[in-house]
Amino acid sequence: MNLTLKVWRQAHENDTGRIETYEAKDIPESASFLEMLDIVNTGIINDGGEPIHFDHDCREGICGMCSLTINGVPHSREQGITTCQVHMRKFRDGDTIWIEPFRARAFPIVKDLVVDRGAFDRIIASGGHIGVRTGSAPDANSVPIPKDDADDSFDSAACIGCGACVAACKNASAMLFVGAKANHLNRLPQGKPEKDKRVLAMVHQMDAEGFGNCTNQYECEAVCPKEISADVIAKLNRDYAAAVVRDAVE
Amino acid sequence: MNALGTALLQFWKSSIGKKLIVAVTGILLVGFLVAHMVGNMLVYQGQEDLNKYAYFLHHFLHGWGIWLFRLGLIGAFALHIVATIALTRQNKEARNTRYAHEETVQAPRSSRIMIWSGLTVLGFVIFHILHFTIPVHPDLQGLKDPNDAKMVDVYTMVVRGFQNPLVVLFYIVAISLLCSHLMHGISSLFQTLGLRSEKTRLLIKRVGVGLALVLWLGFISIPVVVVMGALGDGSQEKPKPAMSAPASSSLDVTKS
């Protein structure tokens, strides 16, 4: 299949950047989206040009490294998958595809489609962990946890920190990520003692990184490759309000 | 600054803090809208009842009541606006470069025009206050109830106020935008207060849309019914007898 690609090219963080057009010819339908870019890059390299830079690692939909906003939607319109799991059979011959980075002030562009998602790491460092050593993985059921809590925590733990929620949000808000990471620990007995401290610290760091504010439009949950529900945002709001009150009076 | 002051400042500075302020003030404003609409429905009950209601509002707690109420309302309104403008500015800064190809997956249109529908409502509120609360038009000033001169004739003021189709059109547009604002706003405040979950999601959505539609119908019915002539032309010489029929039948615009 033959495609026209409209790709964001930006030499470095301070470059203004621009959309450039590439013709992707003879792309097999069985190729993945990233393999299609590999084919296009091979052509660019053979012509002596600078290949299109993009992030990727496992290419199995589990690491959260690949990004790309495809036709305006992070990880494409396909539900519940990352960019590396998008296949070219989902496109039609002759299609024009817009490929842009995950756009947010808190995710500065490193080069072309590569963005620095270090802000997420700093949020985790601020409180997305348990502050004491809890040892290695415990034996099953040695710490009794109600099934509902375990399921809820596990659903949140599925977050791979890819940043699609930020990229999709009209306000570049990181609430789905922070909500998932906080809920993952807050629901478990190991995480509960530091719940208030964690929520306050993570929200503070999130704001300091320059993410926007959630306006409850739920674009984030629509694009999340792990289909994390925006209910975690409601929980974060509730936990934050309770933590502020307890912090002020205790 | 003491510890409480620091905590309050931190709360205001935080994203969720400001959102909680928007949500709580939103509840107060929606509560006011419901009360305002229910009170307005007295126009269908007739001149005497509406005027008596207006008299009560202006005189309960020896006239202090309405000012306490107004101050609270102005405070909530101001906080709601200041916080949302601050949040919107931060949101624009957070997405400093726009997508060349922008797409929306599921965000409803009403949610994407909140700041514009809200600012239109602000403009409308200013117009509405100058229209009816402190009427600047000479035809709407100094109207006294024909049966009791100590009461203001709010009924005639309303009927006269909606004789101009352009004013009615402005009310329809502004109230429709208010309804759009509430369609997203009401369900949104439950999410901000942390009350939305798998169990409550559908109910909250229905309550939000349902309440917005009820308010839209209630508010919009009055200018529409008046401009169609169903409540007379606002001439005080021949005051209409109070309608004793239930509100539903008095909505019948074919009566004149």
Please work out if B:Tyr53 is aromatic (Phe, Trp, Tyr) and touching a Leu at 6+ places or on another chain (Cβ under 6 Å). yes
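Quick grid of which residues meet (1) under 15 Å from A:Ser126 (Cβ atoms); (2) within 22 Å of the chain's Cα centre (by Cα):
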site	(1), (2)
A:Ala182	yes, yes
A:Asp196	yes, no
A:Leu200	yes, yes
A:Asp207	yes, yes
A:Glu227	no, yes
A:Ala230	no, yes
A:Val245	no, no
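Here is a yes/no grid of residues against (1) at the interface with chain B (Cβ under 7 Å from one of its Cβ atoms); (2) assigned to a loop (DSSP other than H, G, I, E, B); (3) among the acidic types (Asp, Glu); (4) surrounded by fewer than 20 Cβ atoms within 10 Å (Cβ to Cβ):
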| site | (1), (2), (3), (4) |
| --- | --- |
| A:Cys159 | no, yes, no, no |
| A:Gln205 | no, no, no, no |
| A:Gly210 | yes, yes, no, yes |
| A:Asn216 | yes, yes, no, no |
| A:Glu227 | no, yes, yes, yes |
| A:Val245 | no, no, no, yes |
Say we look at the stretch A:38-70 and pick out the residues that are open to solvent by less than 40 Å² (accessible area, probe 1.4 Å), of a type outside the set (Ser, Thr, Tyr) and in contact with a strand residue (DSSP E or B) (Cβ under 8 Å, 6 or more places away or on another chain); which of these is farthest from the other protein chains (Cβ to nearest Cβ)? A:Ile44
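Which count do you get for residues in the stretch A:113-151 that are in contact with a helix residue (DSSP H, G or I) (Cβ under 7 Å, 6 or more places away or on another chain) and either open to solvent by 100 Å² or more (accessible area, probe 1.4 Å) or in a helix (DSSP H, G or I) (or both)?
Filtering the stretch A:113-151 for residues in contact with a helix residue (DSSP H, G or I) (Cβ under 7 Å, 6 or more places away or on another chain) gives A:120, A:122-124, A:126-128, A:130-131.
Cutting the leftovers down to either open to solvent by 100 Å² or more (accessible area, probe 1.4 Å) or in a helix (DSSP H, G or I) (or both) gives us A:120, A:122-124, A:126-127.
The qualifying residues number 6.
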Would you point out the residue of the stretch B:86-108, among those that are in a loop (DSSP other than H, G, I, E, B) and within 22 Å of B:Leu119 (Cα to Cα), that is most open to solvent (accessible area, probe 1.4 Å)? B:Pro108
Being facing another protein chain (nearest Cβ under 9 Å) and open to solvent by 50 Å² or more (accessible area, probe 1.4 Å) is the filter here; which residues of the stretch B:165-200 pass it? B:Phe190, B:Leu195, B:Glu198
For residues that are within 14 Å of chain A (Cβ to nearest Cβ) and open to solvent by 60 Å² or more (accessible area, probe 1.4 Å), tally how many sit in the stretch B:204-233. 1
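The values are calculated or read from the model by the stated rules, or taken from the named source; none is laboratory data. Predicted, not measured: the structure shown is a model, and the values here were computed from it. Reconstructed Cβ throughout: ideal geometry from the backbone, glycine too, with neighbour counts over all protein chains shown. Ligands, DNA and RNA are stripped out before the accessible areas are found, and what is left, the full protein with its side chains, is counted by its heavy atoms. Shrake-Rupley method; radii C 1.70, N 1.55, O 1.52, S 1.80 Å.
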